[in-house]
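Single-structure report; data block below.
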Amino acid sequence: MGKKRPLVPAAREALDKMKVEFSNEFSLELDGEYKGNKTSKLNVYIGGPIGGMMTRKAIEEFEKNLINKK
């Protein structure tokens, strides 16, 4: 998966699992191989929707936790 470090290192496994789940929803195959030889357009086509869904899901979970704390 990606080489960027998560803010919470212990969350890496959960984030990788989430990436795989979302890529499966898009019928994309994440194999962890180097993508530097692909065009940026192709990488954005593949990674953009997955990143957007991960962000939406993370915000949704945060909002649920915030509501439950009240």
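The values are calculated or read from the model by the stated rules, or taken from the named source; none is laboratory data. In this text, all values refer to a predicted model and were calculated from it rather than measured experimentally. Note that each Cβ is placed from the backbone with ideal geometry, even for glycine, and that neighbours are counted across all protein chains shown. The accessibility values were calculated without ligands, DNA or RNA, using every heavy atom of the protein model including side chains. Shrake-Rupley method; radii C 1.70, N 1.55, O 1.52, S 1.80 Å.
Listed by first and then second residue, the pairs linking a residue in the range 46-59 that is under 16 Å from Lys17 (Cβ atoms) to a residue that is open to solvent by 50 Å² or more (accessible area, probe 1.4 Å) and outside any helix (DSSP H, G or I), with Cβ atoms under 9 Å apart and 6 or more places separating them unless they lie on different chains, are Ile50/Phe26; Ile50/Leu30; Met53/Phe26. Could you check the range 1-50 and list, in sequence order, the residues that are open to solvent by 90 Å² or more (accessible area, probe 1.4 Å), at pLDDT 75 or above and among the basic types (Lys, Arg)? Within the range 1-50, Lys17, Lys41 meet the criteria.
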